[in-house]
Amino acid sequence: MERHPDVVHWEMDSHVNITDPYAGEIIEGTTQHLPWGIRDVGANKVWPYTKGRGVKIAVIDTGIDNEHPAIKKNYSGGVNILSPMFTPHDYNGHGTHVAGTIAGRAEAMNVIGVAPRVHLYAVKAFNRKGSANLSDLLSAINWCIENEMDVVNMSFGMAKVSDSLGQAIQTAYRKGIVMVAAAGNQGTSDHVDYPARFNETIGVTATTKDGSIASFSNTGKEVDIAAPGEKISSAWLNTTIRDMSGTSMAVPHVSGTAALLLYLRPDLTPDHVKDLMIQATTPIKGCSDYGKLSSYRSIQYLAYNMGRFIP
C-alpha cells in the first residue's frame, strides 16, 4: 500500500471505547432546579444575552435519544456512521447524557443545558456497547466538516496517537470548527488521551463539587481547562435521568460555552474561543497549570472586547 501512487498514508484500524468511572441510578426526575455543573460555570447568568441560538453542535458519540423531552426541541438530525440507512438513535445512553448537558431544555424535569437553544446533531460512531473503530471516528469528523458544524463534542479518548486522527482534527480546525475533547479517566498525572492532546483541540479534565480535580481525571500539560464532571445529572434513555461522572461529562460544559460565545460573535476562530475561556477561568484548589471553566466570565470577557457590558 505504501508504494501505491494513490496512497498518501495508512495505518491499522483500532478500537476506541467510552468508559466512565461512575454511573448512578436511573431515575424519573430530579429535585435539582439546575444541575450543579450549570450553576458552577454560571451559564444561567448569561442566558438573558445568549443561549447559543442557531449554533451547530455535533456530538460524536453513541447517538442521541431525540425523543427525550430535554432534547427533542433542539435536535436537528445527524448521521449513523455505523449503519447509514438507520437514524443515529442512542441505545447506550452516553451520547444522550452529553447532549443534555450541552442543550437540555426541560425545565419540568430540571434537565437544562449550558446552551439551551443550539442546534444539536447526533453523529453516531460508537455502538450500544460504547465501542468505535478509529475509521468510523474519521468518517464522523469528515461528516462534521462537510456539514459545516460550528462545535464538535468528543467525549471519548484513546491512549495511542493516530496520525490519521491528527490529520482529520487539523482539517476541521483549519475549517474553523471548535473541537472539544476529554482528557481521559485513568487518573494519571502525566498522560492525556488523544484527541485532547492535540494542539488543535480544547483538552478538558474534570472537577468535583468542591472545586478540586476529580481523582479519576487524567491531567498533564496538554489539558487546557477543567469543568464539572462529578455526578452530573442529565438526560438518559426512555425519558429518564441519570447521574454520571467522567471527563466525558466535563467536555459538554465547554462545548456549550463555545456555543454561547459563537452566538455573540460567529466570526470567532477556534483559537479565539479557547483563549477567551482560558483567560476567564477561576482557580482550582491545588492546581496552578490551568483553571476551571466559567461560562459567565467568558461571556463577560467577550462582551468587554466588543465594547459591551454584562453585569
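The values are calculated or read from the model by the stated rules, or taken from the named source; none is laboratory data. All values reported here derive from a predicted model rather than from experimental measurement. Here the Cβ is made from the backbone with ideal geometry for all residues, glycine too, and neighbour counts use every protein chain on show. The protein model used for the area step is the full one, side chains on, heavy atoms only, and it has no ligands, DNA or RNA in it. Shrake-Rupley method; radii C 1.70, N 1.55, O 1.52, S 1.80 Å.
Charge tally for residue 190 (other residues, Cβ to Cβ under 15 Å; Lys, Arg +1; Asp, Glu -1): -1. Heavy-atom accessible area for residue 89, with the other protein chains in place and a 1.4 Å probe, reaches approximately 50 Å². The residue 135 and residue 6 beta-carbon pair, evaluated with R₀ = 22 Å, returns a calculated FRET efficiency of approximately 0.80. Ordered by 1.4 Å accessible area with all protein chains kept, 85, 179 run largest first as 85, 179. Accessible area of residue 86 (1.4 Å probe, protein heavy atoms only, ligands and nucleic acids ignored): about 140 Å². Highest average first, the peptides 279-286, 55-62 ordered by how many other beta carbon atoms sit within 10 Å of their residues are 55-62, 279-286.
Protein-only accessible surface at a 1.4 angstrom probe places the residues 109, 149 in the order 109, 149, largest first. Answer with a single label: of (i) 16.4; (ii) 21.0; (iii) 15.4, which was calculated as mean projected area of the Cα convex hull in nm² from the structure in view? Read-out from the structure maps to (iii). Give me the distance between the Cα centres of segment 160-204 and segment 252-311, rounded to whole Å. Value for the Cα centre distance between the two parts: 19 Å.
Rounded to 0.05, the FRET efficiency of the residue 285 and residue 191 pair, given R0 = 25 Å and the Cβ-Cβ distance, is 0.70. Shown here for segment 197-266: trypsin sites (Lys or Arg not before Pro) in loop regions (DSSP other than H, G, I, E, B) with at most 11 other Cβ atoms within 10 Å, namely 221.
The equivalent ellipsoid of segment 28-169 has semi-axes of 26, 16, 14 Å, largest first, where each one is the square root of 5 times an eigenvalue of the Cα gyration tensor. As a length-normalised measure over Cα pairs under 8 Å and 6 or more apart, the relative contact order of the chain settles at 22 percent. In this Cβ point-charge picture (+1 for Lys and Arg, -1 for Asp and Glu), the chain has a dipole of about 980 debye about its Cα centre.
For residue 273, the accessible area of its heavy atoms, probed at 1.4 Å with every protein chain present, is near 0 square angstrom.
Each other residue within a Cβ distance under 12 Å of residue 71 adds +1 if Lys or Arg and -1 if Asp or Glu, for a net charge of 0. How much net charge surrounds residue 277 when only other residues with a Cβ under 14 Å from its Cβ are counted (Lys, Arg +1; Asp, Glu -1)? So the surrounding residues net to +1. Note: segment 177-248, Cα convex hull, 93 Å³ per residue. Shown here for segment 142-182: trypsin sites (Lys or Arg not before Pro) in loop regions (DSSP other than H, G, I, E, B) with at most 16 other Cβ atoms within 10 Å, namely 160, 175. The smallest convex shape that holds all Cα atoms of segment 157-311, its convex hull, gives 130 Å³ per residue.
Output the pairs from 45/72; 56/274; 129/221; 73/285; 175/285 with a Cα-Cα distance over 29 Å in this structure; if there are none, say none. Pairs exceeding 29 Å: 129/221; 73/285; 175/285.
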